[in-house]
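Below is one structure, written out as structure tokens, with a few remarks after it.
The values are calculated or read from the model by the stated rules, or taken from the named source; none is laboratory data. Everything quoted here is computed from the prediction, not taken from an experiment. Cβ atoms come from the backbone with ideal geometry, glycine included; neighbour counts cover every protein chain shown. All accessible areas refer to the heavy atoms of the entire protein, side chains included, with ligands and DNA or RNA removed. Shrake-Rupley method; radii C 1.70, N 1.55, O 1.52, S 1.80 Å.
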Amino acid sequence: MQRILFIELLGGLGDTLIALPAMQALAASHPDARLTALTFEPGGELLRCHPLIHEIIQIPKGTARQAVEQHLARATYDLIVTDVSYEGIADLVRQSGAGCTVTNLWRNPPGNQLVCDRFLQILLEEALITEAAALYRHPEIHLTQAERVE
């Protein structure tokens, strides 16, 4: 697997943090792959210094379907994972030509399971992450030196 796209378009900074363990686990499970995250502004700011995420595409709210459609028209991926299914985004992902796709990581969540754990469980069940990478239960935020000083 060379190129992975994670589409996180649920809406806020909290949703980005909830999805980050899944992104980390995918990157750790495929260390030679290039991981791209497509997310709403300002969620990408939380990801911009993360060493496991190679590219961040931030889009304004209200442009989700159009942005996904445009990006998939100009880039190809071996694996695309998304936590959304609204506006036909799941269909766009399935029709993208990617070797493997995972849509709607929110599917059938048990009431007693954290959402980030559900994401990891689904990726593990689909053999897309390793057992060791499934231990990425907590999001890691990486700051710039200037942010640390501040």
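Structure notes:
- Total residues in the range 59-91, condition over 21 Å from Leu13 (Cβ atoms) and in contact with a strand residue (DSSP E or B) (Cβ under 9 Å, 6 or more places away or on another chain): 10
- Remark: pairs (first residue in the range 100-116, touching a residue at least 60 places away in the same chain (Cβ under 8 Å); second residue β-branched (Val, Ile, Thr); Cβ separation under 6 Å; 6+ apart in sequence or on different chains) = Leu105/Ile122; Val115/Ile18; Cys116/Ile18.
- A Cβ distance below 6 Å, combined with a sequence gap of six or more or placement on separate chains, defines the contacts here; from the range 75-86, residues that are among the polar types (S, T, N, Q) reach residues that are surrounded by 21 or more Cβ atoms within 10 Å (Cβ to Cβ) and not in a loop (DSSP other than H, G, I, E, B) in the pairs Thr82/Ile7; Thr82/Val93.
- Total residues in the range 97-147, condition under 23 Å from Gly44 (Cα atoms), among the polar types (S, T, N, Q) and either at pLDDT 90 or above or over 15 Å from the mean Cα position of the chain (by Cα) (or both): 4
- Residues (touching a Ser or Thr at 6+ places or on another chain (Cβ under 6 Å) and closer than 24 Å to Gly88 by Cα) located in the range 17-38: none
- Checking each residue in the range 108-150 for being surrounded by 10 or more Cβ atoms within 10 Å (Cβ to Cβ) and basic (Lys, Arg) picks out Arg118, Arg137.
- Glu126 farther than 18 Å from Gly11 by Cβ and not hydrophobic (A, V, I, L, M, F, W, C): yes
- For the range 34-89, the set of residues classified as open to solvent by less than 30 Å² (accessible area, probe 1.4 Å) and either at positive phi or touching a Cys at 6+ places or on another chain (Cβ under 7 Å) (or both) consists of Leu79, Gly88, listed by residue number.
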